[in-house]
Ligand SMILES: [Zn+2]
């Protein structure tokens, strides 16, 4: 589904997101969502006028399984480079336990998320056996040249990826616009946070970024800009 010029999302819904970003005929995938999304990637690339041959890399916003998704399969089958922040390398490789803490849950929302997870292979995600790492402040040498903004809290190596040429900020789970555990919509701190206070503090790093489009790991795009998304997320956190 096209979200903006040169930005598509894989799959019809926005429960667990995987994005395609095109620059000069080449594509970067940001987050690999769930294993079940893999079969939809060629169709979505075709909708952009591109193919699997045009993809240069998968960049992960963090090491959680619902972002690693189809990355290991794509890496093995296509030889694509997969990248994650160095502080989440071990998590992406399945070498350390998920640091997530359980928060508020509503049975209805959880049931529909679990049903989605079941249908999209999210309960058994292959860990990465090889992953390249990036650091805070780096401008990545992949299509779109995303700049890394480390926003620890959700996980130690959670990163937002700022793509100024597309007026876009991919925030991973630093913010969500749909909370899969409660069904709540609108910008907020995403569920399954390792350190919620730290995640809230990290929002200050996103606030000054010049990007109209805020693209979360879960939920629809927020089009009111980074500063407004941060304001709403703080408001929601204050209850
Ligand atoms: Zn996450």
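The values are calculated or read from the model by the stated rules, or taken from the named source; none is laboratory data. Here the structure is a predicted model, which is why all the values come from computation and not from measurement. Backbone-built Cβ (ideal geometry, glycine too); neighbour counts: all protein chains shown.
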For this session: Inspect all residues belonging to the stretch 148-162 and state whether any of them is within 16 Å of the ligand (Cβ to nearest atom), modelled with pLDDT under 95 and over 20 Å from residue 221 (Cβ atoms).
Result: no
For this session: Can you confirm whether the stretch 36-49 contains a residue that is surrounded by 24 or more Cβ atoms within 10 Å (Cβ to Cβ) and in contact with a strand residue (DSSP E or B) (Cβ under 7 Å, 6 or more places away or on another chain)?
Result: no
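Of all residues being within 11 Å of the ligand (Cβ to nearest atom) and not in a helix (DSSP H, G or I) in the stretch 52-72, which is nearest to residue 92 (Cα to Cα)? Just the residue, please. Break it down stepwise before answering.
The initial filter retains those residues of the stretch 52-72 that are within 11 Å of the ligand (Cβ to nearest atom), namely 60-68.
Filter once more, so that each one left must be not in a helix (DSSP H, G or I): 60-64.
Values: 60: 9, 61: 11, 62: 8, 63: 4, 64: 6 Å.
Out of the qualifying residues, it is 63.
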Exercise. Looking at 86, 95, 77, which is the one that is farther than 25 Å from residue 219 by Cα, modelled with pLDDT of 95 or more, under 17 Å from the mean Cα position of the chain (by Cα) and surrounded by fewer than 24 Cβ atoms within 10 Å (Cβ to Cβ)?
Worked result: 86
For this session: Go through the stretch 190-212 and count every residue that is crowded, with 20+ Cβ neighbours inside 10 Å and at pLDDT 95 or above.
Result: 5
Exercise. Looking at (1) touching a strand residue (DSSP E or B) at 6+ places or on another chain (Cβ under 9 Å); (2) closer than 22 Å to residue 181 by Cβ, which is the one condition that is false for residue 59?
Worked result: (2)
For this session: Scan 122, 52 and give me the residue that is touching a helix residue (DSSP H, G or I) at 6+ places or on another chain (Cβ under 8 Å) and buried (at least 20 other Cβ atoms within 10 Å of the Cβ).
Result: 122
For this session: Specify which of the listed residues (49, 11, 33) is more than 16 Å from the ligand (Cβ to nearest atom), at pLDDT 95 or above, assigned to a loop (DSSP other than H, G, I, E, B) and on the phi > 0 side of the Ramachandran plot.
Result: 49
Problem set entry | Qualifying residues in the stretch 115-147 (those that are assigned to a strand (DSSP E or B) and either touching a residue at least 24 places away in the same chain (Cβ under 8 Å) or over 16 Å from the mean Cα position of the chain (by Cα) (or both)) - the one farthest from the ligand (Cβ to nearest atom) | 139
